[in-house]
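One structure is given below, encoded as structure tokens.
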Amino acid sequence: MKKLSSFVLDTLQIYFPWDDDLYTYLKNRGFASKLEFKALPLIYTDDCESTTRKHEIPRNYVIDPEKFNTTPEQLGWKRCNEKGKKYTIPAEKILLDAHINENYEIVFTVVPTSNNREQYHLEYSVMSAFGKGYANWCTFYFKKSEFESFMSEIGKIGIKPWEGIMKSGYESKQRQREEFNFVELPVREYCFNIGEFKLAEAYLRNSGYVQQIPGLFYDSRNLRHRELMEPFIKFGILTTGEQGFWQRPPQVVMKISQPKFITTGGRKRRVKGVIDENKRGNYFIVDASELISAWRKV
């Protein structure tokens, strides 16, 4: 594979607690055997220097560092006296590497650690009880200028845009979600493994979990996967200031969404990925020609 780019994401959010199968799998193997570790954490990053023009920002719902064998001071955090907030966290500059493979697919890979620091924090999901019904569960916010340069580099390779019709979609504004127009970008494959984030792995081990930590895996070539899921990427450009949220520079957004419901054991839910003990890393793959077509449309 050839490396094309390395992005410093504005924001990354991976809602592992929203997959019912993952929670059940981990719990049946020792997770949450200690009450104080009952919640499965989500991964959250914020390059607040880009999104808010501040070097650090107070945050809600942060999991105490003692639960994953460290201290706020070791992480560079400050204890916060602001109402409802426990820690002030400096800008997190998590990386997303982009490679192109021999099939002209773009492989986006999360790099959790850089500059000898874990570039994310763990949070509780206040919506975990409803998460299994949500479609969007993994979101990537790019700096628009960086993404424009990246697409320019892809254009130099000589790949032609896909000529098929791409569906458009719309998300209405809600209390914690911006209004968003998007194109449905197909996703070829993905894997998201909470154990690849060192702080989350330590949290799981402290909770009583001792076995291999599985990934949530999807392969569009696998019939069983397609019977369970119909994921795609909501791809678009987002502006927020006029919507009542804090003013951020324009961002390119990719939201991995899985809208298909299945019912098993009387439970209706959306599967986010197939449990696979052998799958490592946090990545997703799209076709380069389809990405070019989606970019032109947005």
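In square angstrom, rounded to the nearest 10, how much accessible surface does TRP77 have for a 1.4 Å probe?
Counting only protein heavy atoms, the figure is 20 Å².
Evaluate the relative contact order of the stretch 38-134 (contact order divided by residue number), counting alpha-carbon pairs under 8 angstrom at least 6 apart; express in whole percent.
About 35 percent, as a whole number.
So what's the back-of-envelope 222 nm ellipticity for the chain, counting only DSSP H runs of four-plus at -39500 (n - 2.57) apiece and dividing by all residues, rounded to 500?
Using -39500 (n - 2.57) per qualifying helix, the result is -5000 deg cm²/dmol.
How big is the Kirkwood radius of the stretch 210-298, worked out from every pair of different alpha carbons and given in Å to one decimal?
15.9 Å
Residues of the stretch 1-43: accessible area per residue at 1.4 Å, in Å²?
Spelled out: the 1.4 Å probe surface of the stretch 1-43, per residue, equals 43 Å².
When a/c is below 1.5 the answer is rounded, else prolate if a/b is larger than b/c, else oblate, so apply that to the chain with a ≥ b ≥ c taken from the square roots of the Cα gyration tensor eigenvalues. Each step should come with its number before you reach the end.
On the way: a/c = 1.56, a/b = 1.20, b/c = 1.29.
Oblate, since a/c reaches 1.5 and b/c is not below a/b.
Hey, can you find the accessible area per residue of the stretch 85-160 for me, probe 1.4 Å, expressed in square angstrom?
43 Å²
Can you work out ³J(HN,Hα) from phi for every residue in the stretch 21-37, in order, using Karplus 6.51 cos²θ - 1.76 cosθ + 1.60 and θ = phi - 60°, giving whole Hz and x for Gly and Pro?
Values per residue, Gly and Pro as x: 5, 5, 4, 5, 4, 5, 5, 5, 10, x, 5, 6, 5, 10, 4, 6, 10 Hz.
I'd like the carbon and sulfur percentage of the solvent accessible area for the chain, probe radius 1.4 Å, heavy atoms only, ligands and nucleic acids excluded.
Within the chain, the accessible surface is 48 percent carbon and sulfur.
Name the most mobile residue of GLU163, GLU153, GLU123, meaning the one with the largest mean-square fluctuation, in a Gaussian network model of the chain with Cα contacts below 10 Å.
Result: GLU163 has the largest fluctuation of those listed.
When a/c reaches 1.5 or more, the comparison of a/b and b/c decides; with that in mind, is the stretch 149-298 rounded, prolate or oblate per its Cα gyration tensor?
prolate
Over the chain, what relative contact order in percent results from Cα pairs under 8 Å that are six or more residues apart? Walk me through the numbers before you get to the answer.
On the way: 673 pairs, mean separation 74.1, N = 298.
Relative contact order, the chain: 25 percent.
How big is the equivalent ellipsoid of the stretch 1-115 along its three axes, where each semi-axis is √(5λ) from the Cα gyration tensor, reported in whole Å from largest to smallest?
The equivalent ellipsoid of the stretch 1-115 has semi-axes of 28, 24, 12 Å.
If the limit is 27 Å between Cα atoms, which of LYS173/LYS234; LYS67/LYS260; LYS2/LYS255 go over it?
As for pairs spanning more than 27 Å Cα to Cα, those are LYS67/LYS260.
The values are calculated or read from the model by the stated rules, or taken from the named source; none is laboratory data. Because the structure is a prediction, the values reported are computed rather than measured. To get the accessible areas, we keep the full protein, side chains included, count just its heavy atoms, and leave off ligands, DNA and RNA. Shrake-Rupley method; radii C 1.70, N 1.55, O 1.52, S 1.80 Å.
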